[in-house]
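**Q** If you scroll down you'll find the structure; I have some questions about it.
The values are calculated or read from the model by the stated rules, or taken from the named source; none is laboratory data. What you are looking at is a predicted structure, and each value in this text was computed from that prediction instead of being measured. Positions of Cβ are generated from backbone atoms using ideal geometry, with glycine treated the same way; all protein chains shown enter the neighbour counts. Just so you know, the surface numbers come from the protein's heavy atoms only, side chains and all, with ligands and any DNA or RNA stripped out. Shrake-Rupley method; radii C 1.70, N 1.55, O 1.52, S 1.80 Å.
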Amino acid sequence: MTQFFTNLRLLDPQAGTLEPAAVLVRNGVIAEVLAGDATAPNGAEVMDCSGHILAPGIVDIGVKVCEPGERHKESYRSAGLAAAAGGVTTMVTRPDTDPAIDSPETLEFVTRRANEAAPVNVVPMAALTKGREGREMTEIGFLMDAGAAAFTDCDRVVTDTKVFSRALTYARSLGALVIAHPQDPGLSKGAAVTSGKFASLRGLPAVSPMAERMGLDRDIALIEMTGARYHADQITTARALPALERAKRNGLDITAGVGIHHLTLNALDVADYRTFFKVKPPLRDEEDRIAVVEAVASGLIDIICSMHTPQDEESKRLPFEEAASGAVGLETLLPAALRLVHAEMMDLPTLWRALSLNPAKRLGLPGGRIAVGAPADMVLFNPDAPFVLDRATLRSKSRNTPFDGMRMQGKVVATYVAGSCVYEAN
């Protein structure tokens, strides 16, 4: 099948450009990128993009799909539909399920379920330690053979440094990527918000931003010792940034990410104990938010993700301290991220490097770019279309979004996976 996408503005995060172009796709692969005034070859299906922006599909690291164990919160089908509607063409899924994805058999089960149910690409990660308990590392080699893209215990910090260092050493020998949650578990235990005047006024248990810095410092020392490939899942505070910059300057194989909620919301959004704003790590002060946005713009922080964490109504409709942490983000990632562009804090190519190109490169995936030979995983979107978010319209089974009722700008027009349209706006 041959498709000719025309009348579009092509967003190229590799070249850092946004300009008129045309794209020729053959059998799900990009065959040619042409000038905007190029004509369609004979026999091609012409796709008029109405002047909208065509960009590489978003590669979202750290999506929680609750299979096995909690399918009522999110299934591969519902998560895949939400991803397609949000312009996400590849979900990199977390192993913090029930039971944890810590064996080749469990990994093969979720891979099969994902391939059957999800309309987008699904790339699973596996647990770093058995049961995510931090005591014994998993069979990293066998899990890699079964398709694990990376290894992580998610928000459970491996407190035993000997276990963690051995796992890093073993991962290094296999070239595996380890993703960790930089946080001092002692300081952050039981915390619901970031420490400060607001936390004191609300009477909520809080954690100092220094807990993130301390966790990152420990991890950097272990990376220096083992030479492992490492990715920090979320860097959310200004105090952690100098340590990250030093580690990169010293040549360590380290990258860092941040969730979209920490880039667009701050600690005051919790307001009167609004539990949809309870995430992990907790939302930070505005000074931290701005520092982290600037770190993304400069390239110090490499990746933006949704940190999609579905929670049902029962686990959120509780007092703030007792409520579950997490927010859904697959469908809101693109319009929320465009807030940074509309606020002139970064340009579109810079944003798309963090949303698409960098995560694909870090995981060795073929997507994240619109270039000859790359899969035709693409999103067509209108960055200026305004709307008010109604969480009842979200495709996720859980609808715990902090953006409910907010005015947003930027809508997905269509999403393509290997050239096939998996979502088209009404």
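**Q** Of 176, 100, 40, which is the most mobile in a GNM of the chain whose springs link Cα atoms less than 10 angstrom apart?
**A** Judging by the Gaussian network model, the answer is 40.
**Q** Hey, can you find the accessible area per residue of the stretch 318-426 for me, probe 1.4 Å, expressed in square angstrom? Please list the in-between numbers first.
**A** On the way: 4230 Å² over 109 residues.
On a per-residue basis, the stretch 318-426 sits at 39 Å².
**Q** Take the Cβ-Cβ distance between residue 162 and residue 105 as r, set R0 to 35 Å, and report the resulting FRET efficiency rounded to the nearest 0.05. Intermediate values should be presented prior to the final figure.
**A** Working: r = 28 Å, r/R0 = 0.79.
My answer for the efficiency is 0.80.
**Q** For the stretch 271-401, what % of the accessible area comes from carbon and sulfur atoms, probe 1.4 Å? All intermediate terms of the calculation are to be shown ahead of the outcome.
**A** Values: 2370 of 4780 Å².
Roughly 50 percent of what the probe reaches on the stretch 271-401 is carbon or sulfur.
**Q** Now for a separate question. Ignoring ligands, DNA and RNA, what accessible area per residue does the stretch 149-204 give at 1.4 Å, in Å²?
**A** Working: 2570 Å² over 56 residues.
Heavy-atom accessible area per residue stands at 46 Å².
**Q** State the extension gain, in nm to one decimal, for the chain segment bounded by residue 32 and residue 392, taking 0.36 nm per residue of separation less the distance between their alpha-carbons.
**A** Details: separation 360, 0.36 × 360 = 129.60 nm, distance 4.03 nm.
Working it through step by step, the gained length comes to 125.6 nm.
**Q** Within the stretch 318-359, which residues have the backbone N less than 13 Å from the label spot 7 Å out from residue 409 along Cα→beta-carbon, could you tell me?
**A** What the label zone holds, given the 13 Å backbone N cut-off, is 335-346.
**Q** Right, another one. Cα gyration tensor of the stretch 73-207, axes a ≥ b ≥ c as square roots of the eigenvalues: rounded (a/c below 1.5), prolate (a/b > b/c) or oblate? Present the calculation step by step, with values, prior to reporting the outcome.
**A** On the way: a/c = 2.49, a/b = 1.24, b/c = 2.01.
Since a/c reaches 1.5 but b/c is at least a/b, the shape of the stretch 73-207 is classed as oblate.
**Q** For Cα pairs less than 8 Å apart in space and 6+ apart in sequence, what is the mean separation divided by the residue count of the chain, i.e. the relative contact order in percent?
**A** Numbers: 1042 pairs, mean separation 84.5, N = 426.
Here the relative contact order equals 20 percent.
**Q** When Cα Rg over 2.2 N^0.38 Å is calculated directly from the model, which label among [x] 0.94; [y] 1.19; [z] 1.10 fits?
**A** [x]
**Q** Of 363, 318, 201, which has the largest mean-square fluctuation in a 10 Å C-alpha GNM of the chain?
**A** Maximum among the listed residues: 201.
**Q** Using alpha carbons only, how many angstrom separate the centre of the stretch 179-246 from the centre of the stretch 308-381?
**A** 21
**Q** Is it possible to state the helix-based mean residue ellipticity at 222 nm for the chain, with each DSSP H run of 4+ residues giving -39500 (n - 2.57), the sum divided by total residues, to the nearest 500 deg cm²/dmol? What is it? Present the calculation step by step, with values, prior to reporting the outcome.
**A** Numbers: 14 runs with 123 residues, N = 426.
Here the helix-only value at 222 nm equals -8000 deg cm²/dmol.
**Q** Give the long-range amide H neighbours of residue 376: residues separated by 5 or more places, or on another chain, with amide H under 5 Å away, using H modelled in the peptide plane at 1.01 Å from N.
**A** Counting only residues 5 or more places away or on other chains, the set is 29, 30, 418, 419.
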